[in-house]
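The values are calculated or read from the model by the stated rules, or taken from the named source; none is laboratory data. The shown structure was predicted, so the numbers you read here are calculated from the model rather than taken from an experiment. No Cβ is skipped: glycine too gets one built from the backbone with ideal geometry, and neighbour counts run over all protein chains shown. The protein model used for the area step is the full one, side chains on, heavy atoms only, and it has no ligands, DNA or RNA in it. Shrake-Rupley method; radii C 1.70, N 1.55, O 1.52, S 1.80 Å.
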Amino acid sequence: PLPADVDAGVSCRFRGFILLITFFVYTCYHMSRKPISVVKSRLHQNCSQLIDPSNSTHRANDTTWCSWAPFDQSNYKELLGGVDNAFLVAYAIGMFISGIFGERLPLRYYLSAGMLLSGLFTSLLGLAYFWNIHVLWYFVLIQICNGLAQTTGWPSVVTCVGNWFGKGKRGLIMGIWNSHTSVGNILGSLIAGLWVNGPWGLSFVVPGVITAAMGIVTFFFLIEYPEDVDCSPPQHHGGPEESQDNPEEPGNGHHRDSSMEPAAGCAKEPTPEPAAISFFGALRIPGVVEFSLCLLFAKLVSYTFLYWLPLYIFNVAHFGAKEAGDLSTLFDVGGIIGGIMAGLISDYTNGRATTCCIMLILAAPMMFLYNYIGQTGIVSSIVMLIICGALVNGPYALITTAVSADLGTHTSLKGNAKALSTVTAIIDGTGSIGAALGPLLAGLISPTGWNNVFYMLISADILACLFLCRLVYKEILAWKSLLGRNRG
């Protein structure tokens, strides 16, 4: 441990290191999820334009001889949707349990074990190519196991960052930090694209090995709490005046400096360990239910793009598998921009719910326009993808990071930050139900036309806005009250 008189500069370096290592950790989680969306176009493709090998035994009019059984059938979209859903349903169910374990187990061990298992199951998907496996249950079973393993990630990294950072510029800091989601998606797409037209098994094996290696790094270097290196924990809230302004909502109140920045000094005496909060106790925190239901529909939209966008571009714009995967990364580039913008605006206005609601309202017409004019040219496709990515992923990023951290350190908890893991798991777990429904519905609806898929996404976007109406109203009242006091 560092000596008791460690200065602010050393403490700042520790905080920077925690941001960096957790950024790489969750980048690996998303990198290992993305390849399946790129490889879909290879698992089922039109083989009529390909050179027929001389030793083939397929029928002369067979246009799917180069596809990978069992996805060479006419119902391949439903089968691929089922494989996606196996992961997402397991992830949604496991997330509610994962937060409870995350509060009660050492985060370093819990996170490292989850990364090793995620790397293993991701690699096993790719080994189906090398082992010549063609049975559906193998892909479904591996996706279920992978979904459960990946629930270790999000509650752990948000809790770890929340342990080190106070409320201050949390929206901006976490907006930038949350770009790991989009960076992971981009890396996963690019890595998968290298082998999608060849030995596509490597599209899974390489991200899996990288994820497992990062799990080993996490085991040796992650620092869970400031107290572990004799540094005092941050103040998540200021004095009693802050709670008097608006005790119900985490994003309302005055701009104050007392709770803005993490403390840099060092603790000389350990503080008593607070008790973990119960599941229903976390649900009673004001704002948790509303933001959870909003995230359900926001994540439905985001994950539908995550899993089906490359195939949509492949089918509608008629790009190759690699080109479609590469172009889809622009949606995640927009997600990086949107996450940072949402965090910056919500910090400046002190209105998390209002920021999310406005971005969701703007996202609906942008998705409509992308479907109708986004494929008319490469320039329009690039511009619309970036705009849609920013507006769709901005609210999703803000809710899963800054909002979760705000609610997990709410004033009603009286300084007990042990709720952070459970609150994060409840919000992201509820959102993961939507993440499971979106790709499943897309698989069922897409045979009737891609227009219907976009109508479904726009409807989900509008529902996400409706669940924030009460919180937006309260934030507007808080602004009016503050404006009146300033005039006085």
>> I'd like the residue in region 164-179 that is crowded, with 24+ Cβ neighbours inside 10 Å and assigned to a helix (DSSP H, G or I) and, out of all such residues, is modelled with the lowest pLDDT.
In response: ARG170
> Which of the residues belonging to region 330-342 are open to solvent by less than 10 Å² (accessible area, probe 1.4 Å) and closer than 19 Å to THR27 by Cα?
Replying inline: PHE331, ASP332, GLY334, GLY335, GLY338, GLY339
> In this structure, does LEU369 turn out to be modelled with pLDDT of 75 or more, open to solvent by 40 Å² or more (accessible area, probe 1.4 Å), in contact with a helix residue (DSSP H, G or I) (Cβ under 8 Å, 6 or more places away or on another chain) and assigned to a helix (DSSP H, G or I)?
Replying inline: yes
> Can you pull out the residues in region 95-153 that are among the aromatic types (Phe, Trp, Tyr) and more than 21 Å from ILE433 (Cα to Cα)?
Replying inline: TYR109, TYR110, PHE121, TYR129, PHE130, TRP131, TRP137, TYR138
> Among the residues of region 124-142, is any closer than 16 Å to CYS160 by Cα and in contact (Cβ under 8 Å) with a residue 12 or more places away in the chain?
Replying inline: no
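Residue-wise test of (1) under 19 Å from ARG42 (Cβ atoms); (2) in contact with a Leu (Cβ under 8 Å, 6 or more places away or on another chain).
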site	(1), (2)
SER179	no, no
VAL183	no, no
ILE191	yes, no
VAL196	yes, no
GLY201	yes, yes
PHE204	yes, yes
VAL209	no, no
PHE220	no, no
>> Which of the numbered conditions does ARG485 fail, given that it passes all the others? Conditions: (1) touching a residue at least 40 places away in the same chain (Cβ under 8 Å); (2) open to solvent by 70 Å² or more (accessible area, probe 1.4 Å).
In response: (1)
> Looking only at region 192-228, which residues are within 19 Å of PHE314 (Cα to Cα) and open to solvent by 30 Å² or more (accessible area, probe 1.4 Å)?
Replying inline: LEU194, TRP195, ASN197
> Can you tell me which residues in region 64-109 are of a type in the set (D, E, K, R) and open to solvent by 50 Å² or more (accessible area, probe 1.4 Å)?
Replying inline: GLU78, ARG104, ARG108
> What number of residues within region 420-450 satisfy the criterion of being farther than 30 Å from PHE165 by Cβ and either hydrophobic (A, V, I, L, M, F, W, C) or at pLDDT 90 or above (or both)?
Replying inline: 8
> Assuming ASN350 fulfils every condition listed in (1) open to solvent by less than 20 Å² (accessible area, probe 1.4 Å); (2) in contact (Cβ under 8 Å) with a residue 40 or more places away in the chain apart from one, which condition is it?
Replying inline: (1)
>> Among the residues in region 383-401, are any open to solvent by 60 Å² or more (accessible area, probe 1.4 Å) and over 20 Å from the mean Cα position of the chain (by Cα)?
In response: yes
